[in-house]
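One structure is given below, encoded as structure tokens.
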Amino acid sequence: MKFLAKAGFTQSYTYFTWRNEKWELRQYLEELTQTEMKYYYRGNFFANTPDILHEYLQKGGRPAFMIRAILAATLSSSYGIYSGFELCENRAKAPGSEEYLDSEKYQYKVWDWDREGNIKALIAQVNHIRRENPALQDYDNLEFYDTRNEMILEYGKRTPDNANIIVTVVNLDPNHAQEDFVTLPLRKFGIEDWQTYQMRDLLTGEKYYWKGPRNYVRLDPKAVPAHIFLLKK
């Protein structure tokens, strides 16, 4: 894959599909965006493919699809989903298989795009957020921030002038609500520890007023499993 990228294939498939734990997501993304790979390799984060239905999606239900869509769309500047993802299609061919039941590789399928439980609105909203925030359109500006809970992943993207600062906090557990105190590098943002700043959740529209580098979050995957914050000084 590295050879193909150097040969001129400017977007590359990645191992994102198989990175589901906090430590492996962080390790893999740091390799892609903070090593020499960032100069020649642009990872396209596909949440699923015609060949790959990961166990995480098979067992995590609708929340798992929401989580993986938000991760893919906010970790990389380029992401994709394969047909049926919007409908949370998670039926595997057999236990332990990553192959879809009734795979479209072998037949023509007509989907009911309004099927109950779909996440079309969320995907459209996330795409709108990406379009409106230039920080999410860059690839190698990703920063990870510290959290204690192994099910809470926090990271940010910002423009060089700090005019657009996006902080994403994701609950990686599709089955249970998780909570934590998340941290922010306020000095990098031009904010002093004593200052109050606004965190507007672009997914829900709610506004939070935080002070200091550590603040509390709780995320229920059955509602909205993530915050995509726009930070305002």
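Scanning region 56-83 for residues that are of a type in the set (Gly, Ala, Ser) and farther than 19 Å from Gly43 by Cβ yields Gly60, Gly61, Ala64, Ser83. If you filter region 69-104 down to residues that are of a type in the set (Asp, Glu) and part of a loop (DSSP other than H, G, I, E, B), you find that the one that is nearest to the chain's Cα centre (by Cα) is Glu89. Taking the criterion of being in a helix (DSSP H, G or I) and out of contact with any strand residue (DSSP E or B) (no Cβ under 9 Å at 6 or more places or on another chain), the residues of region 10-27 that qualify are Trp18, Trp23, Glu24, Gln27.
Listed by first and then second residue, the pairs linking a residue in region 169-183 that is under 17 Å from Asp201 (Cβ atoms) to a residue that is buried (at least 21 other Cβ atoms within 10 Å of the Cβ) and among the aromatic types (Phe, Trp, Tyr), with Cβ atoms under 7 Å apart and 6 or more places separating them unless they lie on different chains, form an empty list.
Being basic (Lys, Arg) and either within 23 Å of Leu71 (Cα to Cα) or out of contact with any strand residue (DSSP E or B) (no Cβ under 6 Å at 6 or more places or on another chain) (or both) is the filter here, so list the residues in region 166-215 that pass it. Let's see the steps before the verdict.
Filtering region 166-215 down to residues basic (Lys, Arg) leaves 187-188, 200, 207, 211, 214.
Selection gives Arg187, Lys188, Arg200, Lys207, Arg214.
Scanning region 18-50 for residues that are surrounded by fewer than 18 Cβ atoms within 10 Å (Cβ to Cβ) and aromatic (Phe, Trp, Tyr) yields Trp18, Trp23, Tyr28, Tyr39, Tyr40. Listed by first and then second residue, the pairs linking a residue in region 146-165 that is among the polar types (S, T, N, Q) to a residue that is in a loop (DSSP other than H, G, I, E, B) and crowded, with 18+ Cβ neighbours inside 10 Å, with Cβ atoms under 6 Å apart and 6 or more places separating them unless they lie on different chains, are Asn164/Asn133.
Going through (1) touching an Asp or Glu at 6+ places or on another chain (Cβ under 8 Å); (2) assigned to a strand (DSSP E or B); (3) among the charged types (D, E, K, R) one by one, Glu143 falls short only on (1).
None of the figures in this text is laboratory data; all of them are computed from the coordinates on show. Just so it is clear, the structure is predicted and the values come from calculations on it, not from any experiment. Cβ atoms come from the backbone with ideal geometry, glycine included; neighbour counts cover every protein chain shown.
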